[in-house]
Amino acid sequence: MTLLQEVLEYARRLPGVREDFPFDLDTLTLKVGGKIFLLTSLRKDPVRINLKCDPERALELRARYPDRVLPGYHMNKRHWNTLVLDGTLPRALVEELIRHSYARVLAGLPHRVRAALARGVEEGEAE
């Protein structure tokens, strides 16, 4: 299993995650409640993933890992990071940042959508 496959499998296990290719056939997005929390190119080498992040934490991570945590490519640079996954970032950190991105997006969803996800109801059934 490749590093990208492992990262995607980890993210897919979070509740209510859906996949989509809204931009092209190369750019995979993982969403919760219809909102993106992880975005990646299926062809980049090394693998890069974009994740939402608290702005202050984003700056701290970029300072600590300047070649591996970058301002979000094609995203709001204040709220998104691009992680370069060449095997040097600690696996626990990558997984924690995936959960952090998921949680930030989840927190921004309307209450009814969050409640439906908590009940295990599919997105379209939350209405």
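The values are calculated or read from the model by the stated rules, or taken from the named source; none is laboratory data. Everything numeric in this text was worked out from a predicted model, so none of it was measured. As a convention, Cβ positions derive from the backbone with ideal geometry for all residues, glycine included, and neighbour counts pool all protein chains shown.
Hey, could you check the stretch 26-66 for residues that are over 16 Å from residue 90 (Cα atoms) and of a type in the set (Asp, Glu) and say which is surrounded by the most Cβ atoms within 10 Å (Cβ to Cβ)?
Among those that are over 16 Å from residue 90 (Cα atoms) and of a type in the set (Asp, Glu), it is 54.
Quickly run through the stretch 1-25 and pick out the residues that are under 18 Å from residue 93 (Cβ atoms) and hydroxyl-bearing (Ser, Thr, Tyr). Give the steps one after another, and end with the answer.
As a first pass, look at the stretch 1-25 and keep what is under 18 Å from residue 93 (Cβ atoms): 3-4, 6-11, 13-14.
Matches in the stretch 1-25: 10 only.
Mind checking whether some residue in the stretch 41-49 is of a type in the set (A, V, I, L, M) and more than 27 Å from residue 117 (Cβ to Cβ)?
Applying the first criterion (of a type in the set (A, V, I, L, M)) to the stretch 41-49 yields 42, 47, 49.
Narrowing the set further to residues that are more than 27 Å from residue 117 (Cβ to Cβ) leaves 47.
Yes, the stretch 41-49 has at least one match.
Scanning the stretch 96-127 for residues that are assigned to a loop (DSSP other than H, G, I, E, B) and at pLDDT 90 or above, which turns out farthest from the chain's Cα centre (by Cα)? Quick ask: steps written out before the conclusion?
Kept after step one, since they are assigned to a loop (DSSP other than H, G, I, E, B), are these residues of the stretch 96-127: 108-110, 120-122, 126-127.
Going one step further and asking which of them are at pLDDT 90 or above, we end up with 108-110.
On the way: 108: 14, 109: 15, 110: 19 Å.
Step by step, filter the stretch 96-127, then rank; the result is 110.
Considering only the stretch 67-77, state which residues are charged (D, E, K, R) and either exposed (fewer than 13 other Cβ atoms within 10 Å of the Cβ) or within 17 Å of residue 91 (Cα to Cα) (or both).
Quick first cut of the stretch 67-77, residues charged (D, E, K, R) only: 67-68, 77.
Of everything in the stretch 67-77, those that are charged (D, E, K, R) and either exposed (fewer than 13 other Cβ atoms within 10 Å of the Cβ) or within 17 Å of residue 91 (Cα to Cα) (or both) turn out to be 67, 68.
Considering 83, 93, 89, which residue is in contact with a Leu (Cβ under 9 Å, 6 or more places away or on another chain) and assigned to a strand (DSSP E or B)?
Numbers: 93 fails: assigned to a strand (DSSP E or B); 89 fails: assigned to a strand (DSSP E or B).
It is 83.
Any residue in the stretch 73-80 that is among the hydrophobic types (A, V, I, L, M, F, W, C), on the phi < 0 side of the Ramachandran plot and at pLDDT 95 or above? Break it down into steps so the answer makes sense when it comes.
Keep residues of the stretch 73-80 that are among the hydrophobic types (A, V, I, L, M, F, W, C), which gives 75, 80.
Those left that are additionally on the phi < 0 side of the Ramachandran plot: 75, 80.
If we keep only those that are at pLDDT 95 or above as well, we get 80.
Yes, the stretch 73-80 contains at least one residue that is among the hydrophobic types (A, V, I, L, M, F, W, C), on the phi < 0 side of the Ramachandran plot and at pLDDT 95 or above.
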